[in-house]
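The values are calculated or read from the model by the stated rules, or taken from the named source; none is laboratory data. Because the structure is predicted, anything quoted here is derived from the model rather than measured. Every residue, glycine among them, receives a Cβ derived from its backbone with ideal geometry; neighbour counts consider all protein chains shown.
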Amino acid sequence: MPSDASPSTTEPELTSTTTSTTNDPTTTTTATSTVPPTTVAPPPPRSTSTTTAVTTPESEKQIVPLRIESRVSDVTTDEFAAVALEILNDPRGWVRAGFSFVRDDTAGYLLVLAEGPEVDQLCLPLDTATKVSCQNGPVVALNADRWRVGVSHWDDDLTAYRGYLVNHEVGHLLGQRHPTPRCPVPGRPAAVMEPQTGNLKGCRGNAWPRDWEIEHASQRPVVYAPLPDWGPDPVPPNLES
């Protein structure tokens, strides 16, 4: 589920990794890793509690540390980090599925804003064509031009598009995939995990996970930082109605 990448479409599917887990149902867990950002960071400990549709038990809460960098001249790392963390910790977002996000300069997960050619390199073997973004293992690489101007078919403002971009690509980091079919109910908000950078397919642009996406993301254990060859079946159904 990398996202905006693919030879023929924007935002392809992500990938997989799994690691050891623990069974402590009483504590908040932190997704930690000391591996370098070129390898897959292990998922956080697993708890045994159950989850509900749009809430997650305290024992299933996940703290996700991110190394955040801007590698472009017109946006500082602090500016980018402030906007990204505000989006990620917004109560409308993945927080509802039990995730919280912290900036950590030693984290194994990297969220980076970069120019198209650098994003292309970070996303290999995915094809981002200097135009789109991706998640590739522990790296979430956002295309700076998309951050600056969005896309022409977007029907909301740039702030909303940036919200979509961050939530979609980091959603892939959390193991979330593109649902199918695209836009089953024209005129409704698109799922945040639909590849809206490519087109809206008759839906409205949307920056936030839908309730059914939150339910899906609340499942444990979390498959963190999947690789491009990940593709467990079935692809999640688009439950918009």
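Out of the range 151-174, which residues are within 15 Å of Val64 (Cβ to Cβ) and either modelled with pLDDT under 95 or among the aliphatic types (A, V, I, L, M) (or both)?
Scanning the range 151-174 gives Val166, Val170, Leu173, Leu174.
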Anything in the range 53-79 that is over 16 Å from the mean Cα position of the chain (by Cα), surrounded by 21 or more Cβ atoms within 10 Å (Cβ to Cβ) and at pLDDT 95 or above? List them, or say none.
Ser70
Residues located in the range 197-214, provided they are under 18 Å from Leu88 (Cα atoms) and surrounded by 19 or more Cβ atoms within 10 Å (Cβ to Cβ):
Gly205, Asn206, Ala207, Trp208, Pro209, Arg210, Glu213, Ile214
Counting only residues that are of a type outside the set (A, V, I, L, M) and outside any strand (DSSP E or B), how many does the range 62-77 have?
5
For Ala41, the lone unmet condition from (1) at pLDDT 85 or above; (2) among the aliphatic types (A, V, I, L, M); (3) assigned to a loop (DSSP other than H, G, I, E, B); (4) within 18 Å of Gly175 (Cα to Cα) is (1)
Going residue by residue through the range 173-194, is there one that turns out to be closer than 30 Å to Val75 by Cβ, touching a residue at least 60 places away in the same chain (Cβ under 8 Å) and acidic (Asp, Glu)?
no
Quick check on the range 78-95: of everything there that is free of Cβ contacts under 8 Å to residues at least 40 places away in the same chain and not in a helix (DSSP H, G or I), which residue is nearest to Leu111 (Cα to Cα)?
Asn89
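Based on what the data block shows, is Gln135 modelled with pLDDT of 95 or more, in contact with a strand residue (DSSP E or B) (Cβ under 9 Å, 6 or more places away or on another chain) and within 21 Å of Gln196 (Cβ to Cβ)?
Values: modelled with pLDDT of 95 or more: yes; in contact with a strand residue (DSSP E or B) (Cβ under 9 Å, 6 or more places away or on another chain): yes; within 21 Å of Gln196 (Cβ to Cβ): yes.
Taking the combined requirement at face value, the residue satisfies it.
For the range 132-181, which residues satisfy the criterion of being in a loop (DSSP other than H, G, I, E, B), of a type in the set (Val, Ile, Thr) and surrounded by fewer than 24 Cβ atoms within 10 Å (Cβ to Cβ)? Talk me through it step by step, then tell me what you get.
Our first condition is that a residue be in a loop (DSSP other than H, G, I, E, B); within the range 132-181, this holds for 132-133, 137-138, 150-157, 174-179, 181.
Adding the requirement that they be of a type in the set (Val, Ile, Thr) leaves 132, 151.
The one that is in a loop (DSSP other than H, G, I, E, B), of a type in the set (Val, Ile, Thr) and surrounded by fewer than 24 Cβ atoms within 10 Å (Cβ to Cβ): Val151.
Within the range 107-131, track down each residue that is in a loop (DSSP other than H, G, I, E, B) and under 20 Å from Glu86 (Cα atoms). Full working, then the answer.
Step one: filter the range 107-131 for residues in a loop (DSSP other than H, G, I, E, B), giving 107-109, 115, 124-131.
Within the range 107-131, Ala107, Tyr109 qualify.
Would you confirm whether any residue within the range 182-205 is part of a helix (DSSP H, G or I) and out of contact with any strand residue (DSSP E or B) (no Cβ under 8 Å at 6 or more places or on another chain)?
No; the residues of the range 182-205 include none that is part of a helix (DSSP H, G or I) and out of contact with any strand residue (DSSP E or B) (no Cβ under 8 Å at 6 or more places or on another chain).
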